[in-house]
1. Taking the 0 to 90 degree range and rounding to the nearest ten, how far is the long axis of helix 84-104 tilted relative to the main principal axis of the chain, both from C-alpha atoms?
2. Suppose all protein chains stay in the model; what accessible area per residue would a 1.4 Å probe give for the chain, in Å²?
3. Using a 7 Å offset from the Cα along the Cα-to-Cβ direction at both Asn254 and Lys112, what is the distance between the two label points in nm, to one decimal?
4. Which value, in debye to the nearest 20, describes the size of the charge dipole of the chain about its Cα centre when Lys and Arg Cβ atoms bear +1, Asp and Glu Cβ atoms bear -1, and nothing else is charged?
5. If each residue of separation counts as 0.36 nm, what is the full-extension length gain between Lys246 and Lys170 once their alpha-carbon separation is subtracted?
6. Say the cut-off is 20 Å between C-alpha atoms; which of Lys43/Lys307; Lys111/Lys192; Lys290/Lys318; Lys246/Lys277 go over it?
7. Specify which residue in the list Gly167, Ala42, Ile355 is farthest towards the positive end of the charge dipole of the chain, using unit charges on the beta carbon of Lys, Arg (+1) and Asp, Glu (-1), about the Cα centre.
8. Could you tell me the calculated FRET efficiency between Lys317 and Gln187, based on Cβ-Cβ distance and R0 = 56 angstrom, to the nearest 0.05?
Amino acid sequence: MTFQEIAQYRLASQKLLEVNSSSPQEIVHHMGAIQAQDYAMAKWAIGSRCDSSEKVIEEAINSAQIIRTHILRPTWHFVAADDIYWMLDLSAPQVKRFTASAAKKCDFDEKKLNQINSQIEKLLAGNNHLTREEIMLELNIKKTSGQDFLGAAIMMNAELDGLVCNGKMKGKQMTYALLEERVAKPQPKLTKEEGLAKLAQRYFESHGPATVLDFSWWSGFPPTTCKTVLNSIESELNSVEIDNQKYFFSQNLNLQRNFCESVHFLAAFDEILIGYKTREVSILLEHQPKAFTNNGIFKPVILENGKVIGTWQRTLKKDIAQIKTHFFANFDETKKKTFFKAISLLEKHLEIKIIIE
């Protein structure tokens, strides 16, 4: 297997090679978790993997089939409702170290955060969905630059404690709601070892071929922990070694398939890049600063046959979306038809006309 083949197989694992009939929640379940701090782009990360419009995906989020919360690494993710509790049980303790440190800078210790949680629970009880600003107002935490930072830490802590998750959108504003009022709590709970094995299996089936270090980065768990859990499920995966590095992937991945020419306009923070520790398989080193920054800002990217060849940006107006492209090299005019087909998927997702500048 070559690196070019790995790039193609990752497209297959991530359900990007073909438009399929999976529902938005099935896509999120398959992926395990999809990074989602850029809300609009995260919806396109789902839409680029299934035949669903932005409105349909929004409804799946509003109806709690898909949950948006802080999980795995200390950032927003989409997770399927069926996965929210066991993933929280597994990853919340490690992520809470970040929120505890942030809250402590504002003199909020664990005891004070627990008291705040009790107040938040009373505010949201009875399917009351409130924005962060509305919650902070009720808690008498005024919005200054420092206190707004505290508000974020408070709500993130409440998410990690399994108290709250996203509620229904209020216009363009996100709200919070009580998690147990949105998603029933399952019984019994998984052990940590069971949870880690399930997470690893999900990752390599949806992101493979990938390495132990890739899984460590994505999951937020130390490499030693990831290596131990991988050893326990290795017999359920296939692997290939390239340059003394082992790549693991699903046993169901079809290695005999013939890949056709493909182009994808993918979201900012898409899992095709952010889901891996090192990204040379998908983007040359010299192009990486054009696609993402050292402080973790990822741009929307254009892929050709699994390789990043440029970036794009969109501007939404009343009844059109303007797309501006930036290619790393001269664009081959003979490929226009393939590129326009890729754009048509985004046009269908947004349900408005797209103009390419």
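1. Computed tilt is about 70 degrees.
2. Solvent-accessible surface per residue comes out at 48 Å².
3. 5.8 nm
4. 760 debye
5. Length gained between Lys246 and Lys170: 22.7 nm.
6. Cα-Cα > 20 Å for Lys43/Lys307; Lys111/Lys192; Lys290/Lys318; rest within.
7. Among Gly167, Ala42, Ile355, the one farthest towards the positive end of the dipole of the chain is Ile355.
8. In this case the efficiency is close to 0.70.
The values are calculated or read from the model by the stated rules, or taken from the named source; none is laboratory data. Just so it is clear, the model here is predicted, and its values are computed rather than measured. All Cβ positions, glycine included, derive from the backbone under ideal geometry; neighbour counts span all protein chains shown. Areas reflect the complete protein model, heavy atoms only, side chains present, ligands, DNA and RNA absent. Shrake-Rupley method; radii C 1.70, N 1.55, O 1.52, S 1.80 Å.
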